[in-house]
Amino acid sequence: MIITIDGPAAAGKGTLATYLSKKYHLSYFDTGMVYRAVGIEMLDKKEDINNEQAAEQIAKNLTFLKMLELSTHPEFRGPQGGKNASIVSSYPSVRQALLKMQRDFAQNPVLTDGSRASGVVYDGRDTGTVVCPNADIKLYITASPEVRAERRYKEFQAKGIKISYEDVLSDVKARDDRDSKRSASPLKPAPDAIIIDTSYLNIQEVIEKVCKIIDSQVKKS
Ligand code: DC
């Protein structure tokens, strides 16, 4: 079974994907990590973030292991990491270079203990439209920019990252703008995606709603 979860930043995709991967014994691929890894390597190599060719070269050489290694960088999940990821993800050549790695993940999915998984849950922006257009279940999770900024702000606070709510909100809006206006694979729901607005739902309610959808699909097949 392949489930894709797309949507804007801080909509709750990661929490949902983690839960679903455990419940249905699926391997989890947070595809934002590939762009964050390229953005962090650009930072480490002191490359100009506007240099598409440098980003493309880094993307071409990125391996899954290298991505995991870069994910321990202190800025990987921080504001700078998010901004760099958003910029490099707007480059068509970078997206192209990272596509195979994302698709290949579904070929032999394994769980963290090394045992075989019964499929994959992908989380990202274009996983239902570009990475896995044949996915069994496609979800598009969204919420208002204010609600998402509030959630991200609390996450940063919990991690001790110092940033104001206003700065998080303007960052969320800037990323929405960049993600939805880029020429290659812009953020948009797949035509067959189920759209869920989580602005007025807590995570438990989202999980219940989604599990009902998945269970009814599984019964039908
Ligand atoms: O989900 P995230 O915040 O870790 O994603 C970081 C950036 O990567 C985000 O600004 C958009 C980009 N991204 C993308 O373009 N396509 C994906 N499938 C996943 C993320």
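Can we say residue 40 is open to solvent by less than 10 Å² (accessible area, probe 1.4 Å), within 24 Å of residue 117 (Cα to Cα) and more than 8 Å from the ligand (Cβ to nearest atom)? If you could, list the steps in order and put the result at the bottom.
Values: open to solvent by less than 10 Å² (accessible area, probe 1.4 Å): yes; within 24 Å of residue 117 (Cα to Cα): no; more than 8 Å from the ligand (Cβ to nearest atom): yes.
No; evaluated as a whole, the condition is false for this residue.
Condition (residue is open to solvent by 50 Å² or more (accessible area, probe 1.4 Å), free of Cβ contacts under 8 Å to residues at least 24 places away in the same chain and farther than 19 Å from residue 179 by Cα) applied to segment 83-101: is it met by at least one residue?
Yes, because at least one residue in segment 83-101 is open to solvent by 50 Å² or more (accessible area, probe 1.4 Å), free of Cβ contacts under 8 Å to residues at least 24 places away in the same chain and farther than 19 Å from residue 179 by Cα.
Residues are listed down the side, and each one gets a yes or a no for (1) over 27 Å from residue 188 (Cβ atoms); (2) in a helix (DSSP H, G or I); (3) within 12 Å of the ligand (Cβ to nearest atom); (4) among the hydrophobic types (A, V, I, L, M, F, W, C):
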{"residue": "11", "(1), (2), (3), (4)": "no, no, yes, yes"}
{"residue": "17", "(1), (2), (3), (4)": "no, yes, yes, yes"}
{"residue": "20", "(1), (2), (3), (4)": "no, yes, no, yes"}
{"residue": "50", "(1), (2), (3), (4)": "no, no, no, no"}
{"residue": "73", "(1), (2), (3), (4)": "yes, no, no, no"}
{"residue": "84", "(1), (2), (3), (4)": "no, yes, yes, no"}
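Restricting attention to segment 156-176, which residues are surrounded by fewer than 19 Cβ atoms within 10 Å (Cβ to Cβ) and within 11 Å of the ligand (Cβ to nearest atom)?
If the condition is that a residue be surrounded by fewer than 19 Cβ atoms within 10 Å (Cβ to Cβ) and within 11 Å of the ligand (Cβ to nearest atom), then 174, 176 are the ones that fit.
Within the set of pairs 6+ apart or on separate chains, which have a first residue in segment 110-135 that is farther than 11 Å from residue 26 by Cβ and more than 8 Å from the ligand (Cβ to nearest atom), a second that is open to solvent by less than 50 Å² (accessible area, probe 1.4 Å) and among the hydrophobic types (A, V, I, L, M, F, W, C), and C-beta atoms under 7 Å apart?
From segment 110-135, the pairs are 128/135; 128/190; 128/193; 129/190; 132/2; 132/106; 135/2; 135/3.
Show the residue pairs that are 6+ apart or on different chains and have beta-carbon atoms under 9 Å apart, the first residue being within segment 156-168 and in contact (Cβ under 8 Å) with a residue 40 or more places away in the chain and part of a loop (DSSP other than H, G, I, E, B), the second being small (Gly, Ala, Ser) and open to solvent by less than 50 Å² (accessible area, probe 1.4 Å).
159/78; 161/78; 163/78
What is the residue count in segment 115-155 for residues that are surrounded by fewer than 22 Cβ atoms within 10 Å (Cβ to Cβ) and assigned to a loop (DSSP other than H, G, I, E, B)?
Total satisfying the criteria: 8.
The values are calculated or read from the model by the stated rules, or taken from the named source; none is laboratory data. Every value quoted in this text rests on a predicted model; they were computed, and no experiment measured them. Ideal geometry is used to build each Cβ from the backbone, glycine not excepted, and the neighbour counts take in all protein chains shown. The accessibility values were calculated without ligands, DNA or RNA, using every heavy atom of the protein model including side chains. Shrake-Rupley method; radii C 1.70, N 1.55, O 1.52, S 1.80 Å.
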